[in-house]
Amino acid sequence: MGKTVDTNQSVIQSVVLADEKDSIILLDQTLLPNEKRFLEIKEMKDLWEAIYELKVRGAPAIGIAAAFGVYLGTKVSKAETFEALYEDFKRVKEYLATSRPTAVNLFWALDRMEARFKRETGKTPQEIKQALKEEAEKIRVEDEKVCEAIGSYGLSLLQPGWGILTHCNAGTIATAKFGTALAPIYLGKAQGYNFKVYADETRPLLQGARLTAWELKEADVDVTLICDNMASIVMQEGKVQAVLVGCDRVAANGDAANKIGTSGVAILAKYYGIPFYVCAPMSTIDMGCKTGKDIHIELRPDEEITSKWYVQPMAPAGVKTYNPSFDVTPGDLITAIITEKGIVYPPYQENLAAIFK
Ligand SMILES: CSC[C@H]1O[C@H](OP(=O)(O)O)[C@H](O)[C@@H]1O
């Protein structure tokens, strides 16, 4: 379990590497909105647990945490050669890869750290460890710029005063900064767009209620919290002019995995003729994944449904549950995919491939 530290950061950075402590400082998102507590993570198993228990969550933030975790886990190696250190590195990478299966950023970051390791051939173990630390920080810094670019492209699709529906949390705490789906909201706030955000609470883990509503209230953005089963009525009543969601893995054909319930929102948006945008860093687009059918959907514990938020369980003891943490929205329900390289429209197979060229 990580140690609690006092950090009165003004702009929340949910996961950073504390140079002076050479440890990971992360915002414990499971305690929000009631407590803003930062944990100091020094041990690999504490980081693995933080990812699994969603203390740090959101595809980009998971990737950044994993990259820092690779550094933490490798720096304690006593190896005296490149080859021996590489064996220890691979054990760290394999361990972190078991924390959560759906967000491709975890694996993207681990692979990027391995690529950096291999570029350090001939260097001393100490030099290689320093290189890993640099690469992890580069991933974090780049993600800020990526999210800001997504925010700018996303904002170009929106009008001042629009109602925007969001699902789950793809905000600043799910990334290095700005978020993905909330990035256009933050950039718009700074330019006087006065958006009205309708945030789905997003059962069962309530990232919309606990995180998005909290983030947006902190940022003085007009946010209305709704239950997931109210998405239809706010669309039907003309309160919503666009839907913005994040993602955890986008397949080459444009199918996008995101928090459970997202595909239902996409179907509603299609029915009401409302544009449905997926905000996707290229680090979340998996061209090796042909369609949404190839995306591993994480299944999580019963308690998240039956008892987690209740004074006492709200379901009969021992009742079976089905708790997929994500679902896949078919590409033909997605109006456009907003990336840091620009806005990608269908046909996604060709147009997603084009942004990687
Ligand atoms: C900016 S990625 C946000 C993405 O990640 C969330 O999943 P989780 O909270 O389980 O990590 C959700 O799918 C968000 O849209």
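Summary of computed values
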quantity	calculated
Degrees between helix 82-96 axis and first principal axis of the chain (Cα, 0 to 90, nearest 10)	30
Accessible carbon and sulfur surface of region 231-278 relative to its total accessible area, %, 1.4 Å	55
Segment Glu43-Ser152, length gained on full extension (0.36 nm per residue, minus Cα span)	35.5 nm
Charge-dipole axis of the chain as Lys and Arg at +1 and Asp and Glu at -1 on Cβ define it, positive-most pick from Pro346, Gly58, Tyr193	Pro346
Inter-part distance where region 39-98 and region 266-302 are each reduced to a Cα centre, Å	27
For the chain, built as a Gaussian network whose Cα springs stay under 10 Å, the top-fluctuating residue of Lys21, Lys145, Lys196	Lys21
Per-residue ³J(HN,Hα) for region 174-183, Karplus 6.51 cos²θ - 1.76 cosθ + 1.60, θ = phi - 60°, Hz, x for Gly and Pro	8, 9, 6, 5, 6, x, 10, 5, 8, 4
Distance between modelled label sites at Val141 and Thr291, nm, 7 Å Cα→Cβ extension	4.2
The chain: antiparallel DSSP beta bridges as a percent of all, rounded to 5	50
Lys, Arg +1 and Asp, Glu -1 on Cβ, resulting dipole of the chain about Cα centre, debye, nearest 20	200
Which of Val311, Val319, Val16 is most accessible, then next, and so on - probe 1.4 Å	Val311, Val319, Val16
Virtual paramagnetic centre 7 Å along Cα→Cβ of Ile355, amide N under 16 Å, in region 148-186	148-158, 179-184
Whole-number accessible area per residue in Å² for region 147-355, which is evaluated in the context of all protein chains at 1.4 Å	40
Surface accessible to a 1.4 Å probe, Trp309 within the full protein complex, Å²	90
Surface share of carbon and sulfur [accessible, 1.4 angstrom probe, percent] for region 90-198	53
For Ile164, residues with placed amide H under 5 Å, excluding near neighbours	Lys196, Val197, Tyr198, Gln241
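The values are calculated or read from the model by the stated rules, or taken from the named source; none is laboratory data. Owing to the predicted nature of the structure, the values given are computational and were not obtained by experimental measurement. Don't worry about glycine lacking a Cβ; one is built from the backbone with ideal geometry, like all the others, and counts go over all protein chains shown. In case anyone asks, the SASA skips ligands and DNA or RNA and just uses the protein heavy atoms, side chains included. Shrake-Rupley method; radii C 1.70, N 1.55, O 1.52, S 1.80 Å.
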